[in-house]
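Since the structure comes first, as structure tokens, the remarks are kept for the end.
The values are calculated or read from the model by the stated rules, or taken from the named source; none is laboratory data. Owing to the predicted nature of the structure, the values given are computational and were not obtained by experimental measurement. No Cβ is skipped: glycine too gets one built from the backbone with ideal geometry, and neighbour counts run over all protein chains shown. With ligands, DNA and RNA removed, areas are computed over all heavy atoms of the protein, side chains included. Shrake-Rupley method; radii C 1.70, N 1.55, O 1.52, S 1.80 Å.
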Amino acid sequence: EGFLAIPRMLLTNISLRSLCVVNNGIDDDDLALLAQALSENKNLPLETLRLSFNEITCVGVEHLMNSIWGSPTLRELKLDNNKIQDRGAQLCAVVLTSIPLEILDLSLNGITTMGIKALMKNLSENTSLRSLGLTGIMID
């Protein structure tokens, strides 16, 4: 219930630069609400979004990627220690071409070689990313 206050606040906020909701049990439905708020408030200068250690799957990642597409301010996105698989990595890879992201952390998720290949393909077109976290991902 407390999490619901965050998307409501994001609808009208015009100064928040960093949002850290780590280890809060956030699932895809929660992330859909957060993503909707981010989509509706284009004046939010969010630079850092940390969603580590939650229950997010590829469904939630799709909502999030749609909401941050084209963001001119987002620099850091941490999605480590969730339940993201290859489809989520592919969605992140596509967004890498539309925003000036500097840090992306997908460590300790269920991503395989297919997801890594998608990331590497789109990373070749990205000039801003400085750090890509893939700890605990089996790379063959």
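Within the set of pairs 6+ apart or on separate chains, which have a first residue in the range 66-81 that is buried (at least 17 other Cβ atoms within 10 Å of the Cβ) and among the aromatic types (Phe, Trp, Tyr), a second that is at pLDDT 95 or above and not in a loop (DSSP other than H, G, I, E, B), and C-beta atoms under 6 Å apart?
Close Cβ pairs (under 6 Å, with a partner that is at pLDDT 95 or above and not in a loop (DSSP other than H, G, I, E, B)) do not exist here.
Test Ile14 against the stated conditions and say whether it is buried (at least 19 other Cβ atoms within 10 Å of the Cβ) and either of a type in the set (Val, Ile, Thr) or assigned to a loop (DSSP other than H, G, I, E, B) (or both).
no
Considering each of Leu96, Leu49, Leu33 in turn, give the residue that is of a type in the set (A, V, I, L, M), within 20 Å of Ile6 (Cβ to Cβ) and touching a Ser or Thr at 6+ places or on another chain (Cβ under 9 Å).
Leu49
Mind listing whichever residues of the range 95-113 are open to solvent by 60 Å² or more (accessible area, probe 1.4 Å) and modelled with pLDDT under 95?
Thr97 - this is the single residue of the range 95-113 that is open to solvent by 60 Å² or more (accessible area, probe 1.4 Å) and modelled with pLDDT under 95.
Can you say whether Gly60 is touching a Cys at 6+ places or on another chain (Cβ under 9 Å), in contact (Cβ under 8 Å) with a residue 24 or more places away in the chain, of a type in the set (Gly, Ala, Ser) and open to solvent by less than 10 Å² (accessible area, probe 1.4 Å), as far as the supplied structure shows?
Judged against the criteria, Gly60 is not a match.
In the range 114-131, which residue that is aliphatic (A, V, I, L, M) and under 26 Å from Ser18 (Cα atoms) is surrounded by the most Cβ atoms within 10 Å (Cβ to Cβ)? Step through it out loud before you land on a result.
In the first step, residues of the range 114-131 are kept if they are aliphatic (A, V, I, L, M); the result is 114, 116, 118-120, 123, 129.
Subset that is under 26 Å from Ser18 (Cα atoms): 119, 123, 129.
Working: Leu119: 22, Leu123: 14, Leu129: 17.
If we take residues in the range 114-131 being aliphatic (A, V, I, L, M) and under 26 Å from Ser18 (Cα atoms), then Leu119 is surrounded by the most Cβ atoms within 10 Å (Cβ to Cβ).
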